[in-house]
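Report on the structure given below.
The values are calculated or read from the model by the stated rules, or taken from the named source; none is laboratory data. Source: prediction; values computed, not measured. Here the Cβ positions follow ideal geometry from the backbone for every residue, glycine too, while neighbour counts run over all protein chains shown.
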Amino acid sequence: MTRERRRGINPIISRRGLIGFGAAGAGTLLLGGCDKLNSSDSFRGALKGATGLNQRTQRFLMGNGLAKEFAESDISPVFKANGSKMVADPAYRAHLAEGFANWALRVDGLVKQPLMLPLTYLKGLAQRTQITRHDCVEGWSAIGKWQGPQLGSVLAAAGLLPTAKYVVFHCADLYNGAPYYESIDLTDAFHPQTILAWAMNGQPLGEPHGAPLRLRVERQLGYKQAKYIARIELRDTLAGLHGGNGGYWEDSHDYQWYAGI
Amino acid sequence: MNEAAAETAPETALRGGDLVRRHRLVTRLWHWTNVVAVTVMLMSGLMIFNAHPRLYWGQFGANAAGHLDPAWLDLTSINHGRPFPGWITIPSTYSLSDARLWHFAFAWILGLAIASYLLWSLISGHIKRDLAPRAAELAPSHLWHDIKEHAALRFPTGPAALQYNILQKLAYGGVLFVLLPGIILTGLTMSPGVNAAVPFLVDLFGGRQSARSLHFLCAFGLVGFFFIHIAMVVLAGPINEVRSMITGWYRLPAEKEDEA
């Protein structure tokens, strides 16, 4: 290392100083241009590239790891209901009035055997009960107890065709006037904590929480936990499903399909 | 920081007015990368906070006062429930999804930059030589002396200005070893995917909502550092200070004898 120094030169503003202020000015312009960048397709593409990296990194790190499960004493006193809290569809309301006695879940798409599964059938499958934390994309959390069959056992009953890659949940509600739907891939579909919950905190699901059936996919955020599930469709691609991004929020607001963050 | 001070040549050879190499390239690169990353993270983070402007302690928290998960901070009454205004958020108009896109992309830059810089600082001896407080510096009398000097705006001159004083060491150390690692770890803890991958993190911070609160407090710790840092740069001579962080060249402040 050589020590460098210059003595006796004492300009008020050096050339390097000017370069510095140029850089600071460029920085200000950059910040002022954030909105411009935000609406640039190529910049958004770069940001979304990082989101893809997030998904691959998380999947690599968590493997088949489980979401934390809690004790009864940890359950939120008030589990906030969000999104649709009621369903206007007349057929749904008729089923609700009958306690879903004549309701059935449709399973179709890329399956060997399309099925119509009554609630009694789903309750008769091996059940999983889990007390987990529900994390809303907005930032809040609530802890609840969920019970239902594993999604994997329902998919096994229908039998997947080799081309099936995505599980799509079509819901009975309209949110902001549009159908709600969500999708997950087979990694999450066959995760042991991924269940079709018909009970919450020991009671059949209430309407605000998605009666008669909602998805619990515990390693992702709240908007993936589809409520009022009416139909499960197996697909090879998300292209052609509404806007093609795999879910209501993904299509309408550019939310990320992988919601592990 | 100070290559010159690390030399074996006696420091008396240096005088106020000398132009010396101060910050090394790695420090300068990290500093400006961090400026961009922290700025974007803060502005996009404030937009994310706007989506649910309440903070809680513990595992859960979703509801306003009157429930059993009361918020310790509730800003929903400000600005129609979006407390942080558009000039300080990315993007400037409400979009949780766009803010998340920015936040989770620039998080990589922030995290990789500080991790690399801490590793380099450890290996190169920067931490031991320039940042670690010495026992004598931590003596209350020395701390009090430095606080009084700072309050009177009397800053070290000549070669002494090449060494970080104890208040600088505590401030920079607080950012490098507490606030930045803290904000990254609490940020990771809010991810349900990370919870499944690294379950101990959420226990370490006492729950997801505690982690979210700590994340916010770390952010405001960094904002506090920013204002003090800028004030000190302005008081110490902004052109000389900014130049030293861009080019590495720093002009030693003149000694008091020279001034007299």
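Overview of results
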{"quantity": "Residue in the stretch A:139-149 that is surrounded by fewer than 19 Cβ atoms within 10 Å (Cβ to Cβ) and either among the small types (Gly, Ala, Ser) or within 18 Å of residue A:209 (Cβ to Cβ) (or both) present", "calculated": "no"}
{"quantity": "Residue B:159 being part of a loop (DSSP other than H, G, I, E, B), out of contact with any strand residue (DSSP E or B) (no Cβ under 7 Å at 6 or more places or on another chain) and of a type outside the set (Ser, Thr, Tyr)", "calculated": "no"}
{"quantity": "Residue A:66 facing chain B (nearest Cβ under 7 Å) and not polar (S, T, N, Q)", "calculated": "yes"}
{"quantity": "Per-region count, the stretch A:244-253, residues under 22 Å from residue B:51 (Cβ atoms) and free of Cβ contacts under 8 Å to residues at least 24 places away in the same chain", "calculated": "4"}
{"quantity": "When residues of the stretch B:52-95 are limited to those that are of a type in the set (A, V, I, L, M) and assigned to a loop (DSSP other than H, G, I, E, B), the one farthest from the other protein chains (Cβ to nearest Cβ)", "calculated": "B:78"}
{"quantity": "Single residue of the stretch B:171-225 satisfying the filter (surrounded by 16 or more Cβ atoms within 10 Å (Cβ to Cβ), without any contact (Cβ under 8 Å) to a residue 12 or more places away in the chain and not in a helix (DSSP H, G or I)) that is farthest from the other protein chains (Cβ to nearest Cβ)", "calculated": "B:198"}
{"quantity": "Test result for residue B:254, farther than 30 Å from residue A:74 by Cα and more than 14 Å from chain A (Cβ to nearest Cβ)", "calculated": "no"}
{"quantity": "Identity of the residue in the stretch A:59-72, modelled with pLDDT of 95 or more and small (Gly, Ala, Ser), that ends up nearest to the chain's Cα centre (by Cα)", "calculated": "A:67"}
{"quantity": "Identity of the residue in the stretch A:75-133, among the charged types (D, E, K, R) and part of a strand (DSSP E or B), that ends up nearest to the chain's Cα centre (by Cα)", "calculated": "A:133"}
{"quantity": "Residue in the stretch A:29-75 that is surrounded by the most Cβ atoms within 10 Å (Cβ to Cβ), counting only those that are over 20 Å from residue A:254 (Cβ atoms) and of a type in the set (Ser, Thr, Tyr)", "calculated": "A:57"}
{"quantity": "Pairs where the first residue, in the stretch A:162-174, is modelled with pLDDT of 95 or more and the second is of a type in the set (Lys, Arg) and buried (at least 24 other Cβ atoms within 10 Å of the Cβ), C-beta under 8 Å, 6+ apart", "calculated": "A:171/A:227; A:173/A:227"}
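Listed here are the residues, each with its yes/no results for (1) within 14 Å of chain B (Cβ to nearest Cβ); (2) more than 23 Å from residue A:110 (Cβ to Cβ).
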site	(1), (2)
A:149	no, no
A:185	yes, no
A:205	no, yes
A:212	no, yes
A:242	no, no
A:258	yes, no
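Rundown of residues vs (1) in a loop (DSSP other than H, G, I, E, B); (2) buried (at least 21 other Cβ atoms within 10 Å of the Cβ); (3) outside the structural domain of residue A:179 (by TED's automatic domain parsing), yes/no style:
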{"residue": "A:211", "(1), (2), (3)": "yes, yes, no"}
{"residue": "A:215", "(1), (2), (3)": "no, yes, no"}
{"residue": "A:220", "(1), (2), (3)": "yes, yes, no"}
{"residue": "A:231", "(1), (2), (3)": "no, no, no"}
{"residue": "A:237", "(1), (2), (3)": "yes, no, no"}
{"residue": "A:244", "(1), (2), (3)": "yes, no, no"}
{"residue": "A:261", "(1), (2), (3)": "yes, yes, yes"}
